[in-house]
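The values are calculated or read from the model by the stated rules, or taken from the named source; none is laboratory data. What you see is a predicted model, and the numbers here were worked out from it, not measured in a lab. Positions of Cβ are generated from backbone atoms using ideal geometry, with glycine treated the same way; all protein chains shown enter the neighbour counts. Accessible surface is based on the protein model in full, side chains and every heavy atom, while ligands, DNA and RNA are left aside. Shrake-Rupley method; radii C 1.70, N 1.55, O 1.52, S 1.80 Å.
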Amino acid sequence: MTQPRWSDDDQLLADVQRALAAAAVDDHVLESGKAAFAWRTVDSELAELTYDSLLDDGAAVRGGTSESGTVEMRSLAFEAGSVTVELDVSPTRIVGQLVPGRQGVIVLQAPTGEVGRVASDESGYFAIAAPAEPLVRVRCTTDLGSVVTDWVRL
């Protein structure tokens with residue numbers, strides 16, 4: 001039996017680090033890789049923001065803020081074709097509905113990647129914990145296809 005080249009994980013890690021440091025990647029190759037990665041969601045329809053309670057002039061009149069002046073609940077609506085994604089965002093969770101109601105997979109994404117995943121019920125309702133990341137978007141996949149919202153700063 002042949003003895004392994006590495007006697008421990010530290011030696012293996014050091015060899016891998018040396019190999020990666022020696023591999024120079026051309027800027028053109030890096031940009032091509034980033035562009036290819038961006039196309040992975042080309043089949044999703046982009047849902048446009050059509051309502052944001054923070055922009056509604058009457059929000060302050062209706063009492064949507066706490067005594068300290070911070071917004072306690074924010075309502076958002078996104079539309080893509082015949083699908084609407086409605087969201088109510090609080091400091092601790094996001095409650096939403098797909099209209100028309102559909103079962104599906106709801107993925108909450110931050111620029112760093114996926115930060116949450118839940119299923120919507122047959123009426124399209126779902127709830128997910130609010131992430132620590134301030135910038136998010138929602139990807140909804142149902143039997144009708146996939147919709148992704150604009151990025152929103154929470």
Task: Restricting region 22-33 to residues that are part of a helix (DSSP H, G or I) and open to solvent by 90 Å² or more (accessible area, probe 1.4 Å), the residue that is modelled with the highest pLDDT - done: ASP27
Task: From the options ASP56, ASP8, ASP15, residue that is under 28 Å from VAL147 (Cβ atoms), open to solvent by less than 80 Å² (accessible area, probe 1.4 Å), of a type in the set (Asp, Glu) and modelled with pLDDT of 70 or more - done: ASP56
Open item on the list: Quick check on LEU46: is it assigned to a loop (DSSP other than H, G, I, E, B) and either at pLDDT 90 or above or under 21 Å from the mean Cα position of the chain (by Cα) (or both)?
Closed with: no
- [ ] Restricting attention to region 74-96, report how many residues are open to solvent by 40 Å² or more (accessible area, probe 1.4 Å), within 13 Å of VAL147 (Cα to Cα) and over 16 Å from the mean Cα position of the chain (by Cα).
- [x] 3
Task: Selection count, region 131-154, where residues are open to solvent by 30 Å² or more (accessible area, probe 1.4 Å) and assigned to a loop (DSSP other than H, G, I, E, B) - done: 8
TODO: Return the residue satisfying two criteria in turn: it lies in region 102-124 and is surrounded by fewer than 14 Cβ atoms within 10 Å (Cβ to Cβ) and in contact with a strand residue (DSSP E or B) (Cβ under 8 Å, 6 or more places away or on another chain), and of such residues it is modelled with the lowest pLDDT.
DONE: PRO111
Open item on the list: Looking at VAL99 and the list (1) modelled with pLDDT of 90 or more; (2) over 19 Å from GLY124 (Cβ atoms); (3) in contact with a strand residue (DSSP E or B) (Cβ under 6 Å, 6 or more places away or on another chain), which single condition is not satisfied?
Closed with: (2)
